Amino acid sequence: LNALAHQTYPHFEVIVLPDAPAELGPVPYALRVIPTGKTRPAEKRNAGIRAAKGEVVAFLDDDAYPVPSWLEHAVK
């Protein structure tokens, strides 16, 4: 989540889908935490798509660290 604070694309939201409720510290972007219970990754992604408000959806797993221009290049 810290790496997302350095994205060069200015308008994005982050939806975190943990198994259990989680408190995440303050971040400089729109963040929503939606606990899903124990579900498969595909079910979590579908829940994220349903909750997303934007036109473009990008997935990032908890072991990935995006470069600052990741979203900017993906949107192009």
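Observations, loosely collected:
- Among the residues of region 1-43, those identified as open to solvent by 60 Å² or more (accessible area, probe 1.4 Å) and hydroxyl-bearing (S, T, Y) are T8, Y9.
- Any hit, region 38-45, residues being out of contact with any Gly (no Cβ under 8 Å at 6 or more places or on another chain) and under 19 Å from W70 (Cβ atoms): yes
- Counting residues in region 54-64 that are assigned to a helix (DSSP H, G or I), over 18 Å from P21 (Cα atoms) and open to solvent by 100 Å² or more (accessible area, probe 1.4 Å) gives zero.
- Residue list for region 44-53, restricted to those being open to solvent by less than 80 Å² (accessible area, probe 1.4 Å) and not in a helix (DSSP H, G or I): A52
The values are calculated or read from the model by the stated rules, or taken from the named source; none is laboratory data. Keep in mind that this is a model prediction, so the values were computed, not measured. In this analysis, Cβ positions are derived from the backbone assuming ideal geometry, glycine residues included, and neighbour counts consider all displayed protein chains. We work out accessible area using only protein heavy atoms, side chains counted, and drop any ligands, DNA or RNA first. Shrake-Rupley method; radii C 1.70, N 1.55, O 1.52, S 1.80 Å.
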